[in-house]
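Structure record follows, encoded as structure tokens.
The values are calculated or read from the model by the stated rules, or taken from the named source; none is laboratory data. All of these numbers come straight from a predicted model, not from anything done at the bench. Positions of Cβ are generated from backbone atoms using ideal geometry, with glycine treated the same way; all protein chains shown enter the neighbour counts. To get the accessible areas, we keep the full protein, side chains included, count just its heavy atoms, and leave off ligands, DNA and RNA. Shrake-Rupley method; radii C 1.70, N 1.55, O 1.52, S 1.80 Å.
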Amino acid sequence: MPDVKTLQQTLIEELGKKTLGSTDVPDFITENLNPAFPIRPYQTRAFQFYLNYWEEPFEGKPRQNHQLLFHMATGSGKTMMMAGLILHLYEQGYRNFLFFVNSTNIIDKTRGNFLNPLSSKYLFAPQIAMGDKKINIREVTNFQSGNPDDINIVFTTIQGLHMALNTPRENALTYDDFENQKIALLSDEAHHINAETKKGGKPSQEELFATISWEGTVQRIFEAHEDNVLLEFTATVDFNDENLAAKYRPKLIFDYSLKEFRKDGYSKEVKVLQADLPNFDRALQAILLSQYRRKVFEKNKLHIKPVILFKSKTIKDSKAFFEEFVQGMASLTDDKITKTLSQDDPYMQALSAYMKDNKITPDNLAAELKEDFTEDKLIEVNSKEESEQKQLAVNTLEDKTNEYRAIFAVDKLNEGWDVLNLFDIVRMYNTRDSGKTTMSEAQLIGRGARYCPFRISPDQPLDQRKYDKDLDNEIRVCEELVYHSAYNPKYIQELNTALHEIGIKPKETKQRRIKVKDSFKGTPLYKAGLLFLNEQRKYDRSDVTGLDSRVKDSVYKIRLHTGQSDTETVFEDDVHAGKEDRKSKDYKLADFGRHVLRKAIHRLPFYEFSNLKIYLPNLSSIDEFLAADDYMGQVKVEVSGTPERVANLTQHDKLHAAVKVLQEAESGIASDKVEYKGTSDFKPFQIKDKITDKTLNFALDDSDDKEFGKSMNDNTETGIHLDLSTRDWFVFDDCFGTSEEKLLIKYIDKRYDDLKKKYSDVYLIRNERHFKVYAFDDGRPLEPDFVLYLIGKEKMDTMHYQIFIEPKGGHLLKQDGWKEKFLLRLKDEALIEQLWKDRKYAVWGLPFFNEAERMPEFEEGFEDVLG
């Protein structure tokens, strides 16, 4: 069967990537979501596809009953996407929403995410507002009781929905709810409603019941009203199934796989550890590793409590091991810890070194573990009844008040379990059950591999891996999920295959060590040389003394309704048909009067004085904001309507116009959200402190670049070979970068003799996340791939040039254009305090290097270096 085109592909073909990529997510979405959960780039792309689908005409777009599928990885924030889409649909006139899923546990979790502002995972802003209207979110049992100004949500399981609709009860949902008004249906874990589509051949009695209960019911209520919308969300649609592919590919508006999620750094790195040890001894390994993580977090002033999951085959086995664990921890001795630490395991060796460095004895550690893993800090979630009882506890494991360290379970925590601080899963059985069970275990690992957010410095991303290129860093262990298994090579092979298949583990990884050459370590530059870097500073906006010119100098056009209507005869050739007598007149906003403007301000929560001060810190009062020339005092308003009405605006017209102007100005004021700036001052750092040996991790199947992760020295690996051991000007012993990065090195090799004619010392330094610089305008961090370090031949005031160079693949030239603009500003704007009598320093940047597309620009910049 040929592949059916996805809706996402259709939108790209019909509208183009440029149109899609330039679509802004509206303020009424971004400002009404919880600011603690910033929208991630891939979520922005999902909103862009959705907004263009909703707003733009294209071939094949249905006229009614819009059904869309978001196929997004576990942990990628599907529920937050739902919250944003609810806000958009509200703006489009929808007030009633049905959220349904197959699991009561997920219902309870989502109810908290949508309704409980005190929950750490609440998804909306503390106050939801659109224009001058404040909006409440309410749970209702049916839509007859919904408030027309609120967001009304019914939460139900698929099974409960079927029962409610087919066995009507008082105050419950009925089919009439879906026929008499438009409803937005939100289906989570949507793969569960496809029994009818997926089945082949004669269905079993159970499948037949599922068909009648679920898919048929959903389809009936969806089609009950032409404006009903069905938005489906899942991480697992089997597109290899022909029936599902035929149904869902034309509705697939956004596809973001677990592999992409991992490649983008939003997951932990998955490690599989097998040990031929008794169950408690394997559990003790996991406990020690968990405690090591906790200590590393605490060392970096992070209050993060790592959690362990002990997964058994049966409830009986789980309860038995729970008892064994409680007894084992109560009788834990320093000898037992010493024996475990002596095992040939890199994690145990790392913990041993940490204990030695921090003077922690096995006896101290035993006492600490007994306290941290007492029975009241362990939770059993084995049966359905238990898991529903304890769902709140296992879904708030990250909360500071939640002290649970270990969970004992069978399989009740699989779907819908939302936990970020799970770092170890211990498989307490050693059976091999390939196929469905192994895949289920792989999917559990995928859920547990969501990244636990933290940052050590303000310029680091909060919720992405930071140490893929620094594996020797102690805190790297806090970016890993370890799956502990009994020694069973065949099972491990099958599990790894399943992990590769779902995308949470790359098929091939290589660890590569780069070392600073001894020849470079012997140079004066390494021993005493300086690398100049700027800083990221919190932007306090103290220099903002008025509105941006784009806000205060715009002419705001307000159209008053004339009340005129007109009827035309089809085919009537009358040039006067439908013509309105309209006139425009210019006003200043201040002309509407202080009383009117004050009333307009009070309708819009954005203009509360405390909020305005965030953007305009020098503002002294609301009156100054409305009257002063630097703010809204000179704002022009062009009002159009009937001549008489435009000349004699009523108080209502003035209020209407003022509210509209302020609403439009709001987006301009709020868009200036710069929190940081990059300093123009560049400060000196010792090169030997910044440029160090490193161990790098390469997931080879994650890159389309054939050179990624391959040694430039080894002509059996690379197609861009250069023996760097013979090039003293390259400071590391090898390069494992992309093709463009290796081509740049070859370019410098070709131009080396030219450089040596002008400069006494020439060195090319590869930056493997050794340092960052920060864009002047918004403080965004960037890590230039190379520094070309040049020392002049002058005997007095010797010039030292530090030139940042970025090789860039063709697909990134536009996307990373902001980096190039920053690099090109360095020559004129980077400031260095010249404190040295015999030398001077300068920081430059060159245009992007791309051999196929950008050589004229790069060589022009390079000639400046030679000149």
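Put simply, of 470, 540 the only residue that is acidic (Asp, Glu) and under 24 Å from the mean Cα position of the chain (by Cα) is 470. A residue that is part of a strand (DSSP E or B) and open to solvent by less than 40 Å² (accessible area, probe 1.4 Å) cannot be found anywhere in segment 489-509.
Among the criteria (1) outside any loop (DSSP other than H, G, I, E, B); (2) modelled with pLDDT of 90 or more; (3) not charged (D, E, K, R), the one residue 20 does not fulfil is (2). Among the criteria (1) under 24 Å from residue 468 (Cα atoms); (2) touching a strand residue (DSSP E or B) at 6+ places or on another chain (Cβ under 6 Å); (3) open to solvent by less than 60 Å² (accessible area, probe 1.4 Å), the one residue 517 does not fulfil is (2).
Among the residues of segment 294-303, is any surrounded by 18 or more Cβ atoms within 10 Å (Cβ to Cβ) and either in contact with a strand residue (DSSP E or B) (Cβ under 7 Å, 6 or more places away or on another chain) or at positive phi (or both)? Among the residues of segment 294-303, not one is surrounded by 18 or more Cβ atoms within 10 Å (Cβ to Cβ) and either in contact with a strand residue (DSSP E or B) (Cβ under 7 Å, 6 or more places away or on another chain) or at positive phi (or both), which makes the answer no.
If the condition is being assigned to a helix (DSSP H, G or I) and either touching a residue at least 24 places away in the same chain (Cβ under 8 Å) or among the hydroxyl-bearing types (Ser, Thr, Tyr) (or both), then segment 829-860 contributes only 829. Mind checking which residues of segment 97-145 are of a type outside the set (D, E, K, R), open to solvent by 70 Å² or more (accessible area, probe 1.4 Å) and more than 27 Å from residue 175 (Cα to Cα)? Answer for segment 97-145, where residues must be of a type outside the set (D, E, K, R), open to solvent by 70 Å² or more (accessible area, probe 1.4 Å) and more than 27 Å from residue 175 (Cα to Cα): 117, 118, 126, 127.
Would segment 328-341 turn up any residue that is of a type in the set (A, V, I, L, M, F, W, C), open to solvent by 50 Å² or more (accessible area, probe 1.4 Å) and touching a Lys or Arg at 6+ places or on another chain (Cβ under 9 Å)? The answer is yes, given that some residue of segment 328-341 is of a type in the set (A, V, I, L, M, F, W, C), open to solvent by 50 Å² or more (accessible area, probe 1.4 Å) and touching a Lys or Arg at 6+ places or on another chain (Cβ under 9 Å). Restricting attention to segment 770-796, the residues that are in contact (Cβ under 8 Å) with a residue 24 or more places away in the chain and either among the charged types (D, E, K, R) or assigned to a strand (DSSP E or B) (or both) total 17.
Of the helices (runs of 4 or more DSSP H) lying entirely inside segment 166-224, those carrying at least 1 residues that are modelled with pLDDT under 75, under 16 Å from residue 67 (Cβ atoms) and of a type outside the set (Lys, Arg) are 195-198. Residues in segment 253-284 that are more than 22 Å from residue 188 (Cβ to Cβ), part of a helix (DSSP H, G or I) and either of a type in the set (S, T, N, Q) or open to solvent by 50 Å² or more (accessible area, probe 1.4 Å) (or both): 263, 279. For residue 67, only one of the following conditions fails: (1) open to solvent by less than 10 Å² (accessible area, probe 1.4 Å); (2) polar (S, T, N, Q); (3) at pLDDT below 95; (4) under 15 Å from residue 8 (Cα atoms). What is its number? Of (1) open to solvent by less than 10 Å² (accessible area, probe 1.4 Å); (2) polar (S, T, N, Q); (3) at pLDDT below 95; (4) under 15 Å from residue 8 (Cα atoms), only one is false for residue 67: (1).
Quick check: anything in segment 700-708 among the polar types (S, T, N, Q) and open to solvent by less than 60 Å² (accessible area, probe 1.4 Å)? The answer is yes; a qualifying residue exists.
Where strands (runs of 3 or more DSSP E) fall entirely within segment 630-695, those with at least 1 residues that are among the small types (Gly, Ala, Ser) are at 636-641, 676-678.
Is segment 289-308 home to any residue that is of a type outside the set (Ser, Thr, Tyr) and closer than 24 Å to residue 493 by Cα? Yes, that holds for at least one residue. Scanning segment 429-450 for residues being open to solvent by 60 Å² or more (accessible area, probe 1.4 Å), modelled with pLDDT under 85 and more than 23 Å from residue 267 (Cα to Cα) gives a total of 5. Somewhere in segment 539-557, is a residue modelled with pLDDT of 85 or more, outside any loop (DSSP other than H, G, I, E, B) and under 16 Å from residue 765 (Cα atoms)? No, segment 539-557 has no match at all.
The single condition among (1) in contact (Cβ under 8 Å) with a residue 24 or more places away in the chain; (2) touching a strand residue (DSSP E or B) at 6+ places or on another chain (Cβ under 8 Å); (3) not aliphatic (A, V, I, L, M) that residue 767 does not satisfy is (1). Going through segment 775-790 one residue at a time, which ones are farther than 17 Å from residue 849 by Cβ and open to solvent by less than 20 Å² (accessible area, probe 1.4 Å)? Hits for segment 775-790 are 775, 776, 779. Take segment 708-742 and flag every residue that is of a type in the set (Val, Ile, Thr), closer than 25 Å to residue 810 by Cα and assigned to a helix (DSSP H, G or I). Listed by number, the list is empty, since nothing qualifies. When only residues in segment 685-699 that are open to solvent by less than 40 Å² (accessible area, probe 1.4 Å) and either over 29 Å from the mean Cα position of the chain (by Cα) or acidic (Asp, Glu) (or both) count, which is farthest from residue 504 (Cα to Cα)? That would be 687.
All conditions but one from (1) touching a Lys or Arg at 6+ places or on another chain (Cβ under 9 Å); (2) open to solvent by less than 40 Å² (accessible area, probe 1.4 Å) apply to residue 250; the one that does not is (2).
The residues of segment 11-44 that are touching a Phe, Trp or Tyr at 6+ places or on another chain (Cβ under 7 Å) and open to solvent by 50 Å² or more (accessible area, probe 1.4 Å) amount to a single one, 14. Which pairs do you get when a residue that is part of a helix (DSSP H, G or I), found in segment 743-760, comes within reach of a residue that is exposed (fewer than 15 other Cβ atoms within 10 Å of the Cβ) and charged (D, E, K, R), reach meaning Cβ atoms under 8 angstrom, with the pair 6+ apart or on two chains? Pairs that qualify, where the first residue is part of a helix (DSSP H, G or I) and the partner is exposed (fewer than 15 other Cβ atoms within 10 Å of the Cβ) and charged (D, E, K, R), are 758/793.
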